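Novice: One structure, as structure tokens, below. Some questions next.
Values quoted throughout were computed directly from the atomic coordinates according to the rules given, and no laboratory measurement underlies them. Keep in mind that what you see is a predicted model, and the values were worked out from it rather than measured. Cβ: placed from backbone, ideal geometry, glycine included. Neighbour counts: every protein chain shown.
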């Protein structure tokens with residue numbers, strides 16, 4: 001958490017609140033241990049635009065007026081950890097200090113308002129760069145590229161020697177799919193979730209690819225998974241998403257070989273591999 005839907009929702013939120021805003025500096029909180037230098041333009045005024053790709057979030061910072069040779073842009077990649085979310089805080093808000101307590105990355109406008117990354121657990125990170133080459137295309141916004149990459153490697157990559165429920169967590173192919181999404185995706189297919197991915201039929205593979213896209217679309221449309229510490233920045237209630245979830249936190253569960261808890265349809269109980277840990281199931 002956050003997964004694909006939540007990252008895209010936050011990207012949309014940033015673009016909504018940052019439009020027509022001019023920023024003059026970036027700071028981190030006094031308690032943050034992230035060491036990334038945060039003065040990209042030597043004090044120049046810049047604009048901010050967000051782009052999401054699966055589980056990745058990029059902030060495009062553009063120097064107003066450009067540099068000596070034209071456009072001057074820096075890309076700040078932000079990893080949201082377990083609970084990272086974004087908020088916009090006015091300089092005169094009575095809740096400003098309360099929000100800043102856990103706001104560890106702060107982009108400050110020329111009016112003193114703040115676009116902040118709020119992260120209670122402090123797992124969020126940021127660095128200058130671009131998309132991670134080890135992550136695949138986005139299953140929501142780049143479906144054809146995503147599906148073709150899986151099809152091209154399904155029978156040749158050793159990664160697909162893993163059970164289907166584990167390969168769905170492989171960010172090299174299923175960028176943005178996390179624990180709640182894999183459970184809901186597999187619940188909605190007629191594929192036994194412990195099947196070795198390479199042993200899937202072509203029809204089963206296509207069913208999974210389609211369901212990945214539909215599930216991330218649904219989660220995004222419903223306002224994201226407001227589970228544990230993540231809250232929709234637009235104030236969308238969690239009721240719709242809660243009703244949409246059919247198996248995560250509700251079905252049978254087991255600890256898989258990656259150490260993650262996997263929730264599944266009880267009808268597959270007799271197919272759980274012996275290598276999975278049932279003792280920690282609850």
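Novice: Please determine, in degrees from 0 to 90 and to the nearest 10, the orientation of helix 143-153 with respect to the longest principal axis defined by the Cα atoms of the chain, where the helix direction is its Cα long axis.
Specialist: It is inclined by approximately 50 degrees.
Novice: Now for a separate question. Let a ≥ b ≥ c be the square roots of the eigenvalues of the Cα gyration tensor of region 126-264; is it rounded (a/c under 1.5), or, if not, prolate (a/b larger than b/c) or oblate?
Specialist: oblate
Novice: Okay, moving on. For a quick check: sort 82, 88 by the number of other beta carbons within 10 angstrom, fewest at the front.
Specialist: Fewest-to-most ranking of 82, 88: 82, 88.
Novice: If you take the beta carbon distance between residue 45 and residue 214 as r and set R0 to 45 Å, what does 1/(1 + (r/R0)^6) give as a FRET efficiency, to the nearest 0.05?
Specialist: 0.60
Novice: May I pose another question? Largest first and in whole Å, what are the equivalent-ellipsoid semi-axes of region 11-127 based on the Cα gyration tensor, each being the root of 5 times an eigenvalue?
Specialist: 22, 17, 14
Novice: Which angle from 0 to 90°, rounded to the nearest 10, does the C-alpha axis of helix 202-221 make with the longest principal axis of the chain?
Specialist: Helix 202-221 and the main axis of the chain meet at about 40 degrees.
Novice: Rounded if a/c is under 1.5, else prolate if a/b beats b/c, else oblate: with a ≥ b ≥ c from the C-alpha gyration tensor eigenvalues square-rooted, which is region 66-153? Don't jump to the answer; show the numbers that get you there.
Specialist: Details: a/c = 2.81, a/b = 1.59, b/c = 1.77.
Since a/c reaches 1.5 but b/c is at least a/b, the shape of region 66-153 is classed as oblate.
Novice: A follow-up question, please. Defining a contact as two alpha carbons under 8 Å apart and six or more residues distant in sequence, what relative contact order in percent does the chain show?
Specialist: Once normalised by length, the contact order is 18 percent.
Novice: Taking square-rooted eigenvalues a ≥ b ≥ c of the alpha carbon gyration tensor, is region 15-54 rounded, prolate or oblate, where a/c under 1.5 means rounded and, failing that, a/b exceeding b/c means prolate?
Specialist: In terms of gyration-tensor shape, oblate.
Novice: May I pose another question? If I stretch the segment between residue 60 and residue 34 completely, what's the gain in nm (0.36 nm per residue apart, minus their alpha carbon distance), one decimal?
Specialist: 7.4 nm
Novice: Work out, step by step, the length gained on full extension between residue 19 and residue 260: first 0.36 nm times the residue separation, then minus their alpha carbon distance; give nm to one decimal.
Specialist: Value of the extension gain: 82.9 nm.
Novice: Moving on. Using the Kirkwood radius over Cα pairs, work out the Stokes-Einstein diffusion coefficient for the chain at 10 °C and 1.306 mPa s, in µm²/s as a whole number.
Specialist: 78 µm²/s
Novice: Can you sort 31, 247 so the residue with the fewest Cβ neighbours within 10 Å comes first?
Specialist: 31, 247
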